[in-house]
1. Mind jotting down the distance between the C-alpha centroids of region A:180-214 and region B:140-175, whole Å?
2. Just the number: Rg to Rh for region B:1-130, Cα atoms, Kirkwood Rh, two decimals.
3. Sort all Cα-Cα distances of region B:1-48 into consecutive 5 angstrom bins from zero, then give the percent of pairs in each bin up to the one containing the longest distance.
4. Would you work out the Kirkwood radius for region B:134-227? I mean one over the mean of 1/r across all pairs of different Cα atoms, in Å.
5. Against the 2.2 N^0.38 Å scaling, with N counting residues, where does chain B land? I'd like the Cα-based Rg ratio to two decimal places.
6. Taking chain B as the reference, fit the longest principal axis to its C-alpha atoms, fit the long axis of helix B:141-159 to the helix C-alpha atoms, and give the angle between the two in degrees, 0 to 90, nearest 10.
7. Using r as the Cβ-Cβ distance of B:I171 and A:I318, and R0 as 22 Å, what FRET efficiency do you calculate, to the nearest 0.05?
8. Could you work out the pair-distance distribution P(r) of region A:6-166 from its alpha-carbon pairs, with 10 angstrom bin width and percents rounded to whole numbers?
Amino acid sequence: MPDRDWYRLDTAAKIYPSISQTHNNTTFRLDFELYEEVDGNLLQQALVRILPRFPSFCVTLKRGLFWYYLDTNHAIPVVKEDTGFPCRRLKDFVNNGFLFNVMYHRNNIIMECFHGLADGAGAIEFLKTMVYEYFVLKGYPMENEGMVMDTEERVSQDELENSFLKYYDNKGDYTRLKQPVAYHIMGTPMHPNEIFVTHGIMDLKQFLGKVKQRGVTVSAYVAALLIYCIASTQVEYMGSKNPIIISVPIDLRSMFPSDTLRNFVSFANVGMVVEKSTTFDDIVAVVSAQLAEGLKKERIHANINKNVKFEKNPFIRITPLFLKNMVVSNTYRLYGEGSYTMLLSNLKTTRLPDSMRKYIKEIYYTLGVSDLNPLNCVVVSYEDKMIITFARGIEETDIIRKFFLHFSQEVGLEIEMRGNEWKNQA
Amino acid sequence: MEKPGVNYCDICNVYVDEALSHCPLCAKKLTDTPAPNQLYPDVVQNDFIDKRSFTNDLFLFYTFLFIGGSILLNLIFWEGTPWFIVVAAAVLYAWIFVRVCIVSDVFPGAKAFAQMAGVMGLMLSIDYVSGWYGWSYEVILPFILTLGIVYIDFFSWIHKSLLRDNLVYAIIFVGLCFLPLIFYLTGITHVLVPTLLSTIAGALTILGILRFTIRHLSTELKKRFHI
């Protein structure tokens with residue numbers, strides 16, 4: 001809930017400022033590719049117009065004595081042309097203190113957002129509204145169809161709430177902190193700001209057809225394939241007793257009704273120890289069952305209880321922030337990042353009104369990487385395309401290659417690759 | 001296999017955006033003249049060097065060398081005075097001055113605090129090495145605290161940044177300004193004028209905060225001290 005003109009960080013966001021200072025890139029990137037070149041001036045106007053509708057985005061991060069907090073930012077965020085690598089770290093954001101960057105590059109409208117501010121579902125509402133307003137300013141006929149937030153509408157308190165607190169049950173069961181230590185991908189690390197992105201674009205119908213043949217969900221199929229690819233390409237994994245764990249973020253809004261634009265996600269960790277004799281089919285079966293179990297409401301509720309319990313612990317609350325930063329940063333390495341090998345985000349299909357769809361060619365979603373887990377994967381579908389995006393902070397591409405070869409050579413799907421590379425690559 | 005806007009990698013059986021000179025999966029070269037990348041800006045490898053960290057490391061190395069050298073020289077040619085303490089304090093002060101006060105973009109309150117701590121450390125070390133007469137904490141400490149609080153008061157007033165950025169530092173400085181008075185009352189120090197100066201500066205700052213920020217003060221304190 002808002003406290004006048006400032007906000008406490010939501011439960012999930014509490015750790016992000018601490019870990020973003022050191023080893024973890026907590027930025028994600030949303031990109032709407034249009035059919036025409038973007039007008040930066042109009043985009044700036046659109047951004048200024050929609051800002052009052054999104055007070056939870058008009059903030060800057062401040063340090064309190066015990067917790068970080070979000071303070072109202074009365075400045076104006078500046079729309080910039082995109083330069084350099086995607087998913088800049090929070091400390092490299094230069095945008096009048098705002099925790100997001102709106103940028104453009106040729107036909108693309110891009111939003112990079114610090115995860116402490118919002119999750120993908122919240123940020124995409126912001127981006128959709130801004131792009132809608134941009135089209136209105138361009139003079140295109142637009143019809144909202146109830147799929148884009150109305151800038152004239154009053155701000156609802158529900159959009160600003162910390163929904164974790166709403167569904168917290170202090171007497172309910174909660175997940176224990178102990179998690180198995182996962183295997184971590186080895187590779188040649190690049191500079192902290194260097195992130196290379198590889199998008200594989202496939203036909204949605206064909207892709208879903210192949211997944212359905214296995215009788216599992218897209219998340220289960222992709223997670224299983226990732227585990228298989230990691231185990232078979234990482235020489236360091238041979239003989240390892242650590243499981244390969246894929247962490248799958250779950251948008252809780254579908255299970256626990258909420259209109260919040262702030263973070264409201266939980267994670268289901270799936271994975272196993274892969275032996276030499278383990279086949280892809282074995283992995284699919286295990287992962288599918290684990291994911292179904294992880295998506296059970298009681299399991300997720302226990303996860304919410306665990307997170308809020310941690311935040312409400314009196315000892316943690318009165319610990320000064322600088323000590324919290326030290327403890328959280330290291331604890332997160334052990335129990336957070338340490339408990340998974342790779343993140344797999346499956347962003348639900350973005351609903352856009354027909355009047356907008358005809359101007360938007362593709363939607364891309366990318367997650368920043370961390371030192372410990374230098375590779376992650378995002379699955380997004382839009383119109384008739386399925387886009388699978390890998391972001392990597394290491395030089396090696398063999399896991400990504402193995403992954404896409406599965407579709408291009410074994411399954412026989414047509415794939416188009418896009419991404420970034422050094423300009424003067426030899 | 002011909003498709004507009006893409007090249008084909010026959011090793012991986014994938015189409016590759018013509019903006020990419022190499023296949024992103026196997027690194028096979030696909031074209032010498034890639035098209036402009038529609039999705040991402042160009043990043044030239046040679047331009048991407050972090051020069052700042054190298055400079056930082058170099059100066060850090062010289063700092064340790066200088067301090068280590070002076071300790072060594074002082075011990076080798078020992079004449080009963082540990083003058084290396086002054087050298088070390090001066091070098092560390094220079095570090096604080098450049099790193100915090102010039103290069104860093106921390107709040108002015110933090111810069112003033114670092115500056116005060118650095119100067120005080122240097123003065124204490126000179127006082128100690130020259131016979132420990134106590135002028136550093138009798139006279140210099142109250143003066144530095146007075147200067148610090150006056151600076152933060154004026155800066156906050158001119159930039160209207162007391163509530164926004166400098167409140168916590170102002171409160172810390174106010175607390176410190178009463179230290180000389182406590183020292184005087186407990187008999188640690190005996191010089192009255194500088195003590196009165198810092199006490200008055202602290203008291204005036206409290207009055208200023210109450211007069212100009214009282215309406216917002218409780219919210220600000222709630223923000224910064226919420227648990």
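Every number here is computed from the coordinates shown, using simple stated rules; none is lab data. Predicted model, so just to flag it, every value in this text is computed and none were measured. For neighbour counting, all protein chains shown are included, and Cβ atoms are generated from backbone atoms with ideal geometry for every residue, glycine included.
1. One Cα centre to the other: 52 Å.
2. My calculation of the ratio gives 1.41.
3. Per 5 Å bin, starting at zero, the Cα-Cα P(r) for region B:1-48 comes out as 5, 22, 28, 25, 12, 5, 2, 0 percent.
4. Values: mean 1/r = 0.0723 Å⁻¹.
That comes to 13.8 Å for region B:134-227.
5. In units of the globular-protein estimate, chain B measures up at 1.68.
6. The two axes meet at around 50 degrees.
7. On the way: r = 19 Å, r/R0 = 0.85.
For R0 = 22 Å, the calculated efficiency reads 0.70.
8. Using 10 Å bins, I get a P(r) of 10, 40, 35, 13, 1 for region A:6-166.
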